[in-house]
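The structure appears right after this line, and notes come after that.
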Amino acid sequence: QVQLVESGGGLVQAGGSLRLSCAASGTIFSINDMGWYRQAPEKQRELVATMSRGGSTDYADSVKGRFTISRDNAKNTVYLQMNSLKPEDTAVYYCKANVLRSDYWGQGTQVTVSS
């Protein structure tokens, strides 16, 4: 079993920055992709950014140039640096990790951007 714990969410003004962290623990031999998704009220969960174990990244068009995903494989941790935040970035942000072809999700952390 794998547990994911996110941290770093909060309230920030438009134009500000936040850094999210997600640490994986449990029975982990090797984590494949790790990533961040978000879900705004009354909207579907959407991809924000993912990173493979080898470092390949994928970003949603809406966050390119503003958000940066990184990971520390030794610590089984993934980060999301969010800059130039906009009110439309307001959502619950979820971490996801793929371990042995199974997906695991964190509990989510709220990010609120005020205008």
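Structure notes:
- In order along the range 28-41, the Karplus-derived 3J(HN,Hα) couplings, from 6.51 cos²θ - 1.76 cosθ + 1.60 at θ = phi - 60°, round to 10, 9, 7, 9, 7, 6, 10, x, 10, 10, 9, 9, 8, x Hz, and Gly and Pro are given as x.
- Across the accessible surface of the chain, with the other protein chains kept in place and a 1.4 Å probe, carbon and sulfur atoms take up 45 percent.
- 1.4 Å probe accessible area per residue over the chain, in Å²: 53 Å²
- Percent of alpha-carbon pairs separated by more than 22 Å within the range 1-108: 25 percent
- Label point at residue 112 placed 7 Å out along Cα→Cβ; residues across the range 1-30 whose backbone nitrogen lies under 20 Å: 6-21
- Across the range 5-19, coupling constants 3J(HN,Hα) worked out from phi with the 6.51/-1.76/1.60 Karplus curve, θ = phi - 60°, read 10, 8, 8, x, x, x, 9, 9, 7, 4, x, x, 10, 9, 10 Hz, and Gly and Pro carry x.
- Between residue 68 and residue 84, residue separation times 0.36 nm minus the direct Cα-Cα distance comes to 4.6 nm.
The values are calculated or read from the model by the stated rules, or taken from the named source; none is laboratory data. Remember, predicted model here, so these are calculated numbers, not experimental data. As a convention, Cβ positions derive from the backbone with ideal geometry for all residues, glycine included, and neighbour counts pool all protein chains shown. When the accessible area is computed, the model is the full protein with side chains, heavy atoms only, and any ligands, DNA or RNA have been set aside. Shrake-Rupley method; radii C 1.70, N 1.55, O 1.52, S 1.80 Å.
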